[in-house]
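Q: Let me begin by handing over the structure; questions about it come next.
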Amino acid sequence: MENLKRKTVAILATNGFEESELREPKKALEEAGAEVHIVSLESGEIKSWNDGNWGKTYKVDKTLDEVSQKDYNALMLPGGVINPDLLRNNGKAVSFVKSFFENHKPVGAICHGPWLLVEADVLKDRNVTSYSSIKTDLINAGANWSDEEVVVDQGLVTSRNPDDLPAFNAKLVEEVYEGKHAGQMV
């Protein structure tokens, strides 16, 4: 297992995130030694989505107004339908996501999470996967989409759904450890 001590990872989420897609990557990153912050639009708590209903609430560690990509080594974007749809309509959230690509830092996105990557306009010529219903959105944004459990492209880690979490988490930890994105060292 990679040692991620001295690495800090932001998980950008708001109400309606798929619970397992935040809980499991957060746990994997923390077990590898990373400090993980849940970053959201507002302070307080955000509510998860689990098995077709509202699930547990999670404490927000930082708001978008309090952070910058400079504070983090990597970014993780959980899915769910509601969460990324709300975030992609928020200019600060989109700018935050784009800044990780501009600064060549690893980014993980699972399920519907890549919707934020479409809005940030960072998918041109990237190899990705996602939940199948947003495949066309990603292709229209210039991505090369494939139906695989995990796809890694120069620090960008994508997966399709919660069933892919073990492979997604392993690759996310590996990319954060290596600290590479777009072929550059961080």
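Q: Tally Lys and Arg at +1 and Asp and Glu at -1 over the other residues with C-beta under 14 Å from the C-beta of Lys135: what net charge comes out?
A: Result for the local shell: -1.
Q: Also: Label Asp71 and Glu45 with points 7 Å out from Cα along Cα→Cβ: what is the distance between them in nm?
A: Result for the modelled spin labels: 2.2 nm.
Q: Using only the Cα atoms, work out Rg/Rh for segment 56-162, with Rh taken as the Kirkwood radius, to two decimals.
A: 0.94
Q: Report the Cα-based extents of the chain along its three principal axes, largest first, to the nearest Å.
A: 37, 36, 30
Q: Using only Cα atoms, what Kirkwood radius does segment 18-74 have, in angstroms?
A: Computed over segment 18-74, the radius equals 12.4 Å.
Any read-out appearing in this document is the output of simple, stated calculations on the displayed coordinates, not a laboratory observation. Nothing here was measured: the structure is a model prediction, and the numbers come from that model. Here Cβ is always computed from backbone atoms with ideal geometry, including for glycine, and neighbour counts include all displayed protein chains.
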